[in-house]
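Novice: Here it is, the structure in full.
The values are calculated or read from the model by the stated rules, or taken from the named source; none is laboratory data. Note that this is a predicted model, so its numbers are computed, not measured.
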Amino acid sequence: MEKKKDIRIDELEPRRPFTVPEGYFENLTQDIMAALPEQESLYSTRIIVTPWMRIRTYLYAAAAFAGIFFCIKAAVGITSSNNMTEISEAQETTIYSDEYIDSFLETAMIDDWTLYYTLVDAF
C-alpha cells in the first residue's frame with residue numbers, strides 16, 4: 001500500500017484561470033457612462049403636495065386611536081354593567097342581632113387589632 005505524501009499549500013503552483021485584459025479598469029467608468037442612454041433626471045420633477053397628503057397620516061393615527069378607545073370602552077362597559085348588578089345585589093344587607101355577631105367573633109379567632117383594622121378599611 002502506498003503512503004500518501006502530505007501536500008503543502010506553499011509548494012503548489014499558483015493557478016489563475018481568469019485574466020483581465022490590459023487597460024480594462026483604466027477607462028471603465030467612461031465606457032459605462034458612454035453606453036448609458038441620455039434621460040432626464042428623476043429628481044428634477046416636482047411633487048405637488050396636497051392638503052390631503054399632509055393630514056392623512058394624522059387622520060389615520062386618530063382613527064386608530066379612536067378604534068382602540070371604543071374597543072376598550074366597550075370591554076369596560078360590559079364589565080361595569082355586570083359589576084353594577086353585583087354591587088346592587090351586595091348592597092342589600094341583612095341586619096344581624098348583637099348576640100349573633102358576638103358569638104361569631106368569639107369563634108372566629110380574630111384578635112381585636114385585626115377586627116379594628118378591618119372595620120377601619122371598610123369605611
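Novice: In region 80-121, how many residues are outside any helix (DSSP H, G or I), of a type in the set (Val, Ile, Thr) and modelled with pLDDT of 75 or more?
Specialist: Keep residues of region 80-121 that are outside any helix (DSSP H, G or I), which gives 91-97, 108-111.
The next check asks that each one be of a type in the set (Val, Ile, Thr); those that pass are 93-95, 110.
Next, only the ones that are modelled with pLDDT of 75 or more stay: 110.
Of the residues in region 80-121, 1 are outside any helix (DSSP H, G or I), of a type in the set (Val, Ile, Thr) and modelled with pLDDT of 75 or more.
Novice: A further question follows. Only one of (1) at pLDDT below 70; (2) not in a loop (DSSP other than H, G, I, E, B) is not met by Ala62, so which one is it?
Specialist: In the conditions (1) at pLDDT below 70; (2) not in a loop (DSSP other than H, G, I, E, B), Ala62 misses (1) alone.
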